[in-house]
Structures are given as C-alpha cells and as structure tokens.
Amino acid sequence: MGITMTDSAAERVQSFLASRGSGVGLRLGVKTSGCSGMAYVLEFVDEIDEQDQVFESHGVKIIVDPKSLLYIDGTELDYGKEGLNEGFKFNNPNVKDQCGCGESFTI
C-alpha cells in the first residue's frame, strides 16, 4: 500500500526542509507510548538507512523503517489548521482505537 501525503502536508515538509537547509526527507515511524499503546514519530532524515522503505509523495521522500511499516502501511499524512491549533494528522486505516487526546493509537 505505502505511505502518502496530501498537498498541504508536502508543502509544510518542503518548507521545514528548506528552512533547515538540509535533509533528504521525512521519517515516519511509531514508538510505544501514550495511553493507547503507540504514538507517531516524525523526524527529518539526512541519510537513508539500507533497510528503510522509501515512498515519494508530491515530491517529498517519506522514509519508514520496516518495523514501523507494519503499523502504518496505508497511512496518509495530512497537515491542517483548526482554530488556534495546527499540525500533522495521520489517516491510518489500521487504527482500531485511539486515545481521547489523539496522541496515541492501537492496532
């Protein structure tokens, strides 16, 4: 299935990479955390590891390690503003439940 992102998410990532001045893309992963069990992790990538899976969406490379891909395959990364809040949103078809604050999820 792979990982994709919306136009608005791609524009935001490209803006971050440009202001940072370096980086080949964005790493999307998961870690054990939160009240529902797993949380998303986003970080900029300067080097792609040999075992990483690389997806490209709207000109942005999305790098995912094999263990995380099991939990996030098919996810669409979005970016939006709601009132005073703005940030990335994860449209993950694998999620069975998530905590009330939206910070963690269960597969």
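The values are calculated or read from the model by the stated rules, or taken from the named source; none is laboratory data. Small disclaimer: the values here were computed from a predicted structure and weren't measured. All Cβ positions, even for glycine, are placed from backbone atoms using ideal geometry, and neighbour counts span all protein chains on display.
A few remarks follow.
- Qualifying residue in the stretch 13-28 (condition: in contact (Cβ under 8 Å) with a residue 40 or more places away in the chain and small (Gly, Ala, Ser)): no
- Looking across the stretch 90-107, the residues that are surrounded by 16 or more Cβ atoms within 10 Å (Cβ to Cβ) and either assigned to a strand (DSSP E or B) or at pLDDT 85 or above (or both) come down to 90, 92, 98, 105.
- Inside the stretch 26-51, residues that are touching a helix residue (DSSP H, G or I) at 6+ places or on another chain (Cβ under 7 Å) and surrounded by fewer than 17 Cβ atoms within 10 Å (Cβ to Cβ) make up a count of 2.
- The residue that is surrounded by the fewest Cβ atoms within 10 Å (Cβ to Cβ), among those in the stretch 3-25 that are assigned to a loop (DSSP other than H, G, I, E, B) and touching an Asp or Glu at 6+ places or on another chain (Cβ under 7 Å), is 22.
- Residue list for the stretch 57-70, filter: surrounded by 17 or more Cβ atoms within 10 Å (Cβ to Cβ) and of a type in the set (Lys, Arg): 61
- Here residue 54 meets the list (1) within 16 Å of residue 88 (Cβ to Cβ); (2) surrounded by fewer than 18 Cβ atoms within 10 Å (Cβ to Cβ); (3) hydrophobic (A, V, I, L, M, F, W, C) almost entirely, failing just condition (1).
- Of all the numbered requirements in (1) within 20 Å of residue 78 (Cβ to Cβ); (2) among the β-branched types (Val, Ile, Thr); (3) out of contact with any Ser or Thr (no Cβ under 6 Å at 6 or more places or on another chain), residue 48 misses one, and that requirement is (1).
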